Amino acid sequence: MDIFLRFKSKKHAEAYSLGLDLQLQKKCVMLLVEGLIFIVATIISYSLYPSAGSLSSTLLTLARCIAQILALIGMFLMRRHLQRVQRYAFVINLVLDLVLGFIPFAFYPAVGTLSVDMFSKLGVYTWAWSACSIEISMNYLLSNWWMKFAMMVIQITYFMVFVGLRDPYAVPIILMAVQAILFYLILTYFNERYERWGFFEKRKVYDNYEAIMNIFDDISQGIMIVDKGNQIFYSNRAVHLLFNDTQNQERSTLTNMFSQLQVESMFPNLDDLISAPNENEGINVKCLLIHYFSNKFELVK
């Protein structure tokens with residue numbers, strides 16, 4: 001993994017992305033919930049104060065609603081035609097990130113959602129804090145970590161242009177904004193880096209497991225891994241061939257698997273082992289083991 005958090009292995013990169021289908025499903029659910037909350041809050045706000053805000057702010061609110069609806073429709077259509085669009089996953093995620101980034105983008109003071117002149121200083125402060133929280137929350141919908149950086153930098157740069165032109169005390173505001181953006185960028189980057197690093201370590205364990213399983217499949221002897229409840233965790237190819245299971249369908253328990261067996265002969269003879277003296281501990285163990293399987297699975301001699 002390099003400084004841009006790119007995996008060196010294409011297989012690891014594809015595994016980390018979890019597939020386009022899962023990404024679209026997650027975004028659909030999250031955007032649907034967010035859209036419902038936004039629409040309900042907008043209806044209540046305009047019902048109580050129908051004259052609040054300018055025509056431009058009303059059009060902006062309408063544009064946000066349309067963007068959410070179009071994004072949901074687009075995600076739904078892509079999920080239905082997933083096989084066709086799989087190769088364009090990067091472009092699709094980029095377009096979706098741009099649309100989703102527009103929804104929470106604050107265009108104040110060029111365009112306002114409401115006229116903040118009617119608010120007190122505390123009201124303006126609370127409004128701004130809430131808008132920032134919405135912006136941060138919407139970042140969960142973005143697929144590319146660098147798009148989170150880009151949208152945050154674009155938003156704060158947009159604000160700083162107006163602050164520099166209009167506010168007589170621009171320097172402390174700009175310093176506060178730079179501090180906030182640096183905190184966000186640095187912490188987001190390292191959080192993403194360590195998440196990917198943790199995935200990479202788990203993936204290495206999985207790859208080692210897959211290598212061992214492949215080795216087991218090449219062994220001619222049957223190998224099974226069973227838990228304490230006799231549930232089959234793994235069985236190699238030789239076991240499937242032994243039970244004529246060409247479809248590699250796992251048996252749920254040892255009982256189901258061994259219920260297919262019918263023993264025609266057994267060596268050494270079970271009766272001889274039971275009557276044998278207890279001088280040889282190895283024979284004892286074999287006797288008990290065979291006797292256990294005889295009772296457990298009703299083997300027929």
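Report the Cα centroid-to-centroid distance between segment 67-119 and segment 120-196 in angstrom, as an integer. Between the Cα centres of segment 67-119 and segment 120-196 lies a distance of 19 Å. Within 13 Å, Cβ to Cβ, of Ile73, how many net charges do the neighbouring residues add up to if Lys/Arg are +1 and Asp/Glu are -1? Here the count lands on +3.
Compactness of segment 124-173 was expressed as the Cα radius of gyration divided by 2.2 N^0.38 Å, which yields 1.32.
Coupling constants for segment 204-209 follow from the phi torsions by the Karplus curve (6.51 cos²θ - 1.76 cosθ + 1.60, θ = phi - 60°), and in residue order they are 5, 4, 5, 4, 4, 4 Hz; glycine and proline get x.
Could you tell me which of the pairs Lys202/Lys228; Lys26/Lys228; Lys148/Lys202; Lys27/Lys228; Lys148/Lys204; Lys27/Lys202 are separated by over 30 angstrom between their Cα atoms in the structure shown? Distance filter (> 30 Å) returns Lys26/Lys228; Lys27/Lys228. Applied to segment 64-70, the Karplus parametrisation 6.51 cos²θ - 1.76 cosθ + 1.60 on θ = phi - 60° returns per-residue 3J(HN,Hα) values of 5, 4, 5, 4, 5, 5, 5 Hz, with x for Gly and Pro.
Per-residue SASA remark: Lys26, around 100 Å² accessible (1.4 Å probe; ligands, DNA and RNA not included). Near the amide H of Tyr234, within less than 5 Å, lie the amide hydrogens of Ile225, all on another chain or at least 5 residues away, with H placed in the peptide plane.
Give the Rg/Rh ratio for segment 98-206, taking Rg as the radius of gyration of the Cα atoms and Rh as the Kirkwood radius, to two decimals.
On the way: Rg = 17.0 Å, Rh = 15.9 Å.
Dividing the radius of gyration by the Kirkwood radius yields 1.07.
Per-residue accessible area (protein heavy atoms, 1.4 Å probe) orders Val111, Val40 as Val40, Val111, starting from the largest.
The values are calculated or read from the model by the stated rules, or taken from the named source; none is laboratory data. Quick caveat: nothing in here was measured; it's all calculated off a predicted structure. FYI the Cβ positions are ideal-geometry reconstructions off the backbone, even for glycines, and counts take in every protein chain you see. The area values use the complete protein model at the heavy-atom level, side chains included, leaving out ligands, DNA and RNA. Shrake-Rupley method; radii C 1.70, N 1.55, O 1.52, S 1.80 Å.
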